[in-house]
1. Across the range 25-65, which residue is nearest to Val126 (Cα to Cα) among those that are surrounded by 21 or more Cβ atoms within 10 Å (Cβ to Cβ) and among the hydroxyl-bearing types (Ser, Thr, Tyr)?
2. Would a scan of the range 39-47 turn up a residue that is hydrophobic (A, V, I, L, M, F, W, C) and not in a loop (DSSP other than H, G, I, E, B)?
3. Could you check the range 80-89 and list, in sequence order, the residues that are under 21 Å from Arg28 (Cβ atoms) and surrounded by fewer than 16 Cβ atoms within 10 Å (Cβ to Cβ)?
4. Hey, among Phe68, Phe77, which residue is assigned to a helix (DSSP H, G or I), outside the structural domain of Ser139 (by TED's automatic domain parsing) and either surrounded by fewer than 14 Cβ atoms within 10 Å (Cβ to Cβ) or modelled with pLDDT of 95 or more (or both)?
Amino acid sequence: MEVSHDADEWLMAQVALGNRQYLAPLVRRYASPLLTFIRRMVGDEHRSEELFQEVFLRVWTKRKQYRFPRSFRSWLFAIAANHCRTDYRRRRLATVSLAGGEQFDAPSAGRSPVEAAMATETARQVSAAVERLPARQRSVVVLRIWNGMSYGEIAEVLGCTDATVRSHMHHGLAALRGWLEADWKT
């Protein structure tokens, strides 16, 4: 089996050997999905950018702990999830606001102003409901829906079983459904 020299795992194996130049392609490749994940976990745009940098600093400092051919993506998101939890505990935030730093898509040319306003308001309500979820459920929902990870990948990221991930997803979606239905009835 031949390994592609631009595969994430090969690049990280090179980083683990101390070859710093191979870290840059990984940073570029994961900038958007990782920053999105962190932003949804902490709810603060500026803090999420700081945490993003700290996560990649941690990737560099923990590079020797990476075991080829383990999935780099899962390893990276596990570091990010743990770092977000540590930051949360350190700050002891009572609530997290996703709406403040959330960026919504500009209205498309085909939408009326009313439809665009409704879509923006719906997105804000969903963000507010996601922020109410317990940290584990929020992690699972964000990784599955916004980062498109499989249940197996999420289990590896969070260090739990596939069944536990599915349970968190089920309970998280049920809570979201209940909160959103209640909001939309009023």
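1. The selected residue is Ser48.
2. Yes: one or more hits.
3. none
4. Only one candidate passes the filter, namely Phe77.
The values are calculated or read from the model by the stated rules, or taken from the named source; none is laboratory data. Nothing here was measured: the structure is a model prediction, and the numbers come from that model. Heads up, the Cβs are rebuilt from the backbone with ideal geometry, glycines too, and the neighbour counts pull from every protein chain shown.
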